[in-house]
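The values are calculated or read from the model by the stated rules, or taken from the named source; none is laboratory data. Values in this document were obtained by computation on a predicted structure and should not be read as measured data. Here Cβ is always computed from backbone atoms with ideal geometry, including for glycine, and neighbour counts include all displayed protein chains. Calculation scope for accessible area: heavy atoms of the full protein, side chains included, ligands and nucleic acids excluded. Shrake-Rupley method; radii C 1.70, N 1.55, O 1.52, S 1.80 Å.
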Amino acid sequence: MFQSFAVGDAVLHSAEFMKNEVQHSLIHNIVDYPDALRLTTTDRRLLFVQSKGYSPWLWVSGELEPAQRIRLIEQLIESLEELPDSDFPGITAEPQTARIFAGAYCAIRGKLYHTYMLLESYQCTEVRKPSGVQGTLVQAETSHIPVIAEFTAGFAWDAFGTSQPVEHYLPHADAAVRTGNLYLWMVDGAPVAMAKTVHRSARLCRINDVYTSRKFRKHGYASILVSELCEQVLAEGLTPVLFADGKNPDSNRVYQSIGFVQAGKIAEIKFE
């Protein structure tokens with residue numbers, strides 16, 4: 001009933017999946033990894049993908065009846081028991097789907113689970129660019145690596161409560177600059193905010209790591225930076241998408257103010 005699928009499989013372009021594509025946009029990213037676990041059903045109404053060592057993502061068609069959805073997830077878990085490495089750290093999915101999987105999986109494994117993060121997915125098809133914001137958009141360069149490491153440390157603390165010295169993030173900052181997809185908003189020659197485009201699929205481009213230096217917040221810098229990136233992405237013929245922490249009303253308001261509309265919630269559940 002469950003079978004592997006290859007990169008480029010038509011399941012990622014099916015009408016049913018595309019109804020929830022923005023909400024599950026990271027699935028496109030994960031399937032590109034060479035070591036990714038990729039499972040689907042013969043009727044292509046379920047997708048289960050995982051990059052080794054990370055929590056898998058699960059999509060189940062919304063066309064299924066609740067009882068069918070539950071039974072299909074239970075059958076998936078039974079099938080996963082046959083794999084040599086199926087001890088997952090968590091599950092990421094639409095909230096109800098995530099809870100069904102977590103409950104059944106942890107009952108078998110004798111584990112507990114909790115919702116680590118509830119995310120709101122967004123897409124933008126028409127940009128409402130803020131006016132009167134000072135500064136310019138620039139592509140990050142190697143000379144910016146120290147300040148990018150500083151911004152990344154701040155982002156990690158704000159988003160995840162993770163505290164590491166700035167030096168810890170220097171390799172990450174260097175790698176991000178070399179992708180050519182990291183951008184800064186500059187005011188009077190100094191970086192005040194950052195954001196990056198992290199993955200492009202056939203229809204979507206995801207924006208991530210949006211951060212404004214604490215001393216420069218409430219000036220509209222993140223809004224103008226993200227809106228500029230959205231204009232670039234839309235010019236490529238792609239739809240900009242992103243995720244916002246459901247517990248952060250400020251960031252949700254910022255994204256909505258520049259044209260992003262909600263596309264569904266995602267729950268990240270951790271197993272203990």
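Annotations for the structure displayed:
- Odd one out for Leu47, checked against (1) open to solvent by 20 Å² or more (accessible area, probe 1.4 Å); (2) in a strand (DSSP E or B): (1)
- Condition check for Leu72: part of a loop (DSSP other than H, G, I, E, B) and not hydroxyl-bearing (Ser, Thr, Tyr): no
- Top-ranked residue in region 119-139 [being open to solvent by less than 30 Å² (accessible area, probe 1.4 Å) and closer than 24 Å to Gly237 by Cβ; ranked as farthest from the chain's Cα centre (by Cα)]: Cys124
- Residue match in region 33-40 (condition: within 21 Å of Tyr105 (Cα to Cα), in contact (Cβ under 8 Å) with a residue 12 or more places away in the chain and over 19 Å from the mean Cα position of the chain (by Cα)): yes
- Some residue of region 144-163 being over 30 Å from Glu231 (Cα atoms), touching a Phe, Trp or Tyr at 6+ places or on another chain (Cβ under 7 Å), among the hydroxyl-bearing types (Ser, Thr, Tyr) and without any contact (Cβ under 8 Å) to a residue 24 or more places away in the chain: yes
- Of all residues making up region 1-28, the number that are outside any helix (DSSP H, G or I), out of contact with any helix residue (DSSP H, G or I) (no Cβ under 6 Å at 6 or more places or on another chain) and among the aliphatic types (A, V, I, L, M): 3
Matching residues to (1) aromatic (Phe, Trp, Tyr); (2) surrounded by 14 or more Cβ atoms within 10 Å (Cβ to Cβ); (3) within 18 Å of Gly264 (Cβ to Cβ):
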{"position": "Phe2", "(1), (2), (3)": "yes, yes, no"}
{"position": "Phe17", "(1), (2), (3)": "yes, yes, yes"}
{"position": "Asn29", "(1), (2), (3)": "no, yes, yes"}
{"position": "Trp57", "(1), (2), (3)": "yes, yes, yes"}
{"position": "Ser61", "(1), (2), (3)": "no, yes, yes"}
{"position": "Gln68", "(1), (2), (3)": "no, no, no"}
{"position": "Leu76", "(1), (2), (3)": "no, yes, no"}
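- Near pairs, Cβ below 9 angstrom, 6+ apart or cross-chain, from region 52-78 (at positive phi) to any residue that is surrounded by fewer than 19 Cβ atoms within 10 Å (Cβ to Cβ): Gly53/Pro89
- The condition of being buried (at least 20 other Cβ atoms within 10 Å of the Cβ), within 25 Å of Ser14 (Cα to Cα) and touching a strand residue (DSSP E or B) at 6+ places or on another chain (Cβ under 7 Å) holds for only one of Ala93, Ala36, that being Ala93.
- One residue alone among Leu83, Leu72 is hydrophobic (A, V, I, L, M, F, W, C), more than 29 Å from Pro191 (Cα to Cα) and open to solvent by 30 Å² or more (accessible area, probe 1.4 Å), and that residue is Leu83.
- Scanning region 29-44 for residues that are in a loop (DSSP other than H, G, I, E, B) and within 27 Å of Ala244 (Cα to Cα) gives Asp32, Tyr33, Ala36.
- Residues of region 101-117 satisfying the condition of being aliphatic (A, V, I, L, M), touching a strand residue (DSSP E or B) at 6+ places or on another chain (Cβ under 8 Å) and open to solvent by 70 Å² or more (accessible area, probe 1.4 Å): Leu112
- Qualifying residue in region 205-214 (condition: in a loop (DSSP other than H, G, I, E, B), without any contact (Cβ under 8 Å) to a residue 60 or more places away in the chain and over 26 Å from Asp32 (Cβ atoms)): no
- Residue that is most open to solvent (accessible area, probe 1.4 Å) [pool: residues in region 223-252 that are more than 16 Å from the chain's Cα centre (by Cα) and acidic (Asp, Glu)]: Glu236
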